[in-house]
Amino acid sequence: MATALRLIARSLRKNKIQPLYNSCSFLHSHATSFGFKEVREEEKSQMVGNVFTSVASSYDLMNDVMSGGLHRLWKERLVSKLNPFPGMKHLDVAGGTGDVAFRILESINSVKNRALLDVHDDNLLEETKIYVCDINPNMLNVGKKRAQERGLGDNSSLIWVEGDAEALKFEDDSMDGYTIAFGIRNVTHIEKALAEACRVLKRGGRFLCLELSHVEVPVFKELYDYYSFSVIPAIGELVAGDRESYQYLVESIRRFPSQEKFASMIAEAGFQKVEYENLVGGVVAIHSGVKF
């Protein structure tokens with residue numbers, strides 16, 4: 001990894017890559033954003049699909065390289081706030097590679113070990129269902145392969161589902177928990193995804209979203225912008241052979257609503273006790289809400 005970063009630094013000095021700041025035009029009713037581009041709504045899902053088909057095989061490696069491994073701690077924090085329990089029915093959306101689902105299952109199993117569960121609770125453990133839902137089959141295939149490598153290929157608690165966050169294939173009031181990590185900014189209609197999350201959750205069910213967000217501290221913001229627009233696409237080109245996909249990913253972060261705005265959108269979808277926690281100065285944020 002050190003060699004890769006040295007090559008990136010050398011490339012940046014040689015090419016004098018500058019951050020890309022494009023003014024964004026107002027979107028009409030039949031258009032939406034794809035990074036800093038304006039595209040028709042019906043085109044966005046296909047374009048996002050192409051991005052994740054391209055990056056699927058290197059997705060987790062790139063998360064490690066781009067965040068310096070911090071994404072692992074952020075996901076651990078997400079799962080700790082969820083507080084998983086044996087017997088729960090949980091939906092992890094845009095979770096194709098299984099990173100969050102594996103952590104949830106591990107947390108539930110650790111609860112079993114700590115509490116020395118009795119036979120009744122063992123039955124509850126067998127009833128645990130973690131649905132990993134992703135619109136991209138390539139991402140799901142990566143997750144299934146990782147599950148096999150972890151000895152979880154035949155685990156009945158893990159269920160892999162190809163599906164759309166805006167039109168979930170689950171019944172009303174059927175889930176105890178809903179998580180989405182680094183996924184909601186890629187949907188075409190955030191409001192529809194939030195409405196679907198609220199629909200499928202049971203009363204008392206918890207919604208948690210981990211997403212790259214907005215840094216407000218001026219000096220830190222300048223460094224973060226430079227890293228995002230100059231370094232991350234270069235890493236994508238070097239490690240994954242795909243600069244354009246990672247250019248889109250960093251642009252999509254800037255188009256995502258602010259922490260306060262997104263919190264208000266969650267409340268408007270029907271959730272209560274909406275709050276958020278900034279991590280690393282707002283580089284990422286965890287939003288949460290409860291359905292009553």
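The values are calculated or read from the model by the stated rules, or taken from the named source; none is laboratory data. Fair warning: this is a prediction, and the values are worked out from it, not measured in the lab. Cβ atoms come from the backbone with ideal geometry, glycine included; neighbour counts cover every protein chain shown. Only protein heavy atoms, including side chains, enter the accessible area calculation; ligands, DNA and RNA are left aside. Shrake-Rupley method; radii C 1.70, N 1.55, O 1.52, S 1.80 Å.
Assorted remarks:
- For the range 159-179, the set of residues classified as among the aromatic types (Phe, Trp, Tyr) and open to solvent by 10 Å² or more (accessible area, probe 1.4 Å) consists of 160, 170, listed by residue number.
- Number of the condition not met by residue 203 [criteria: (1) touching an Asp or Glu at 6+ places or on another chain (Cβ under 8 Å); (2) within 21 Å of residue 44 (Cβ to Cβ)]: (2)
- Tally of residues being touching a Phe, Trp or Tyr at 6+ places or on another chain (Cβ under 8 Å) and closer than 14 Å to residue 67 by Cα across the range 213-224: 1
- Looking across the range 217-269 at every residue that is free of Cβ contacts under 8 Å to residues at least 24 places away in the same chain and hydroxyl-bearing (Ser, Thr, Tyr), the one that is nearest to residue 63 (Cα to Cα) is identified as 227.
- Residue tally, condition surrounded by 16 or more Cβ atoms within 10 Å (Cβ to Cβ) and within 13 Å of residue 105 (Cβ to Cβ), over the range 130-157: 8
- Scanning the range 249-292 for residues that are farther than 19 Å from residue 178 by Cβ and among the β-branched types (Val, Ile, Thr) returns 250, 253, 280, 283.
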